[in-house]
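A.B. asks: Pasting a structure below so you can have a look.
The values are calculated or read from the model by the stated rules, or taken from the named source; none is laboratory data. Just so you know, these numbers come straight off a predicted model, no measurement behind them. Because the Cβ atoms are built from the backbone with ideal geometry, glycine has one as well, and the counts that use them run over all protein chains shown.
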Amino acid sequence: MSRVVLVHGIAQQVKGPETLLGSWLPALNDGLHLAGADALHHEDVSVAFYGDLFRRPGHRGLGEPPLTASDVQPGLEHELLLSWWQGAADTETQVPGPDAPARLRTPRTVQRALNALSHSSFFASLTETAMIGSARQVRRYFNEPEVRQAAADRLAQAVTGDATIVIAHSLGSVVAYETLCAQSHLQDLTLITLGSPLAVRGIVFDRLCPAPHNGRARWPVPVKRWINIADRGDAVALVKDLGPCFGSRVRNLMVDNGARAHDIQPYLTARATGVAVAEALA
């Protein structure tokens with residue numbers, strides 16, 4: 001049975017657990033190598049995969065139908081794109097901020113956000129359809145109870161009695177937090193969150209279940225150790241310090257992922273991640 005359970009983030013709908021494990025495990029072992037620890041084997045690690053919950057049913061035509069600014073729904077999708085925009089502008093000089101005058105006449109704030117994000121080192125590799133689709137997955141997770149519950153069920157099934165570590169990236173950190181809060185019978189787990197948006201108030205934090213009280217969220221009972229790792233330029237992990245929201249027991253670490261600030265591979269290959277995993281396994 002697996003000792004380490006990996007939880008992915010958004011935009012993984014056309015992959016699967018074995019596909020992700022094939023790329024995540026070597027990266028994780030690179031981080032362990034930098035930490036001077038032994039490598040993990042395939043049987044030591046599993047992926048709690050929920051990406052297929054966002055996969056569109058088959059349809060005529062080729063590829064995903066294009067999405068434009070006019071397809072962005074008001075509320076969470078709109079707020080999330082603006083949050084990413086502000087985060088990218090705060091850390092990358094080439095990204096014009098929300099308060100900067102637009103060089104081109106764009107009738108919608110959303111279109112300005114999409115145009116600005118196209119200059120970001122992380123979002124530049126994504127089409128408008130991919131950016132909007134990513135925001136839509138977050139909105140669906142929070143607004144569609146059946147999707148939220150199904151994702152939690154996938155993780156709950158993966159965390160068996162042999163599991164000691166849950167490593168969760170991006171939206172996966174939300175899935176991990178909510179699931180572990182509901183699994184009070186588990187114990188002695190280490191939670192490692194990578195590029196987590198958990199503490200972004202007004203967008204993620206205030207939508208968590210269980211709901212925060214007086215500005216503080218509940219500590220997940222099964223977790224004895226929580227290490228949160230973020231890149232300074234990660235626009236998704238807009239709030240790097242989870243302590244004010246989740247308590248001083250969270251250990252926050254910073255890494256440098258280069259131009260791929262939010263990507264999972266550089267998070268896993270970081271020595272800080274390797275040390276956190278090695279300490280938990282020991």
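A.B. asks: Give PRO197, PRO244 a once-over and let me know the one that is within 15 Å of the chain's Cα centre (by Cα), in the same structural domain as ARG148 (by TED's automatic domain parsing) and of a type outside the set (Gly, Ala, Ser). Explain how you work it out, then say what you get.
C.D. replies: Details: PRO244 fails: within 15 Å of the chain's Cα centre (by Cα).
Testing whether each residue is within 15 Å of the chain's Cα centre (by Cα), in the same structural domain as ARG148 (by TED's automatic domain parsing) and of a type outside the set (Gly, Ala, Ser) leaves just PRO197.
A.B. asks: Counting just the residues of segment 128-158 that are in contact (Cβ under 8 Å) with a residue 40 or more places away in the chain and hydroxyl-bearing (Ser, Thr, Tyr), which one comes out surrounded by the fewest Cβ atoms within 10 Å (Cβ to Cβ)?
C.D. replies: Here the residue is THR129.
A.B. asks: Contact list please: Cβ distance under 8 Å, first residue in segment 177-191 and in contact (Cβ under 8 Å) with a residue 60 or more places away in the chain, second residue part of a loop (DSSP other than H, G, I, E, B), pairs at least six apart or on different chains.
C.D. replies: THR190/THR164
A.B. asks: I've got another one for you. All but one of (1) under 14 Å from the mean Cα position of the chain (by Cα); (2) within 25 Å of GLY233 (Cα to Cα) hold for GLU178, so report the exception by its number.
C.D. replies: (2)
A.B. asks: Are any residues in segment 2-53 on the phi > 0 side of the Ramachandran plot and exposed (fewer than 14 other Cβ atoms within 10 Å of the Cβ), and if so, which ones?
C.D. replies: Listed by number, the list holds a single entry, GLY36.
A.B. asks: Restricting to segment 234-271, give me the number of residues that are under 15 Å from LEU191 (Cβ atoms) and either in contact with a helix residue (DSSP H, G or I) (Cβ under 7 Å, 6 or more places away or on another chain) or assigned to a helix (DSSP H, G or I) (or both).
C.D. replies: Residues flagged as under 15 Å from LEU191 (Cβ atoms) and either in contact with a helix residue (DSSP H, G or I) (Cβ under 7 Å, 6 or more places away or on another chain) or assigned to a helix (DSSP H, G or I) (or both) within segment 234-271 amount to 7.
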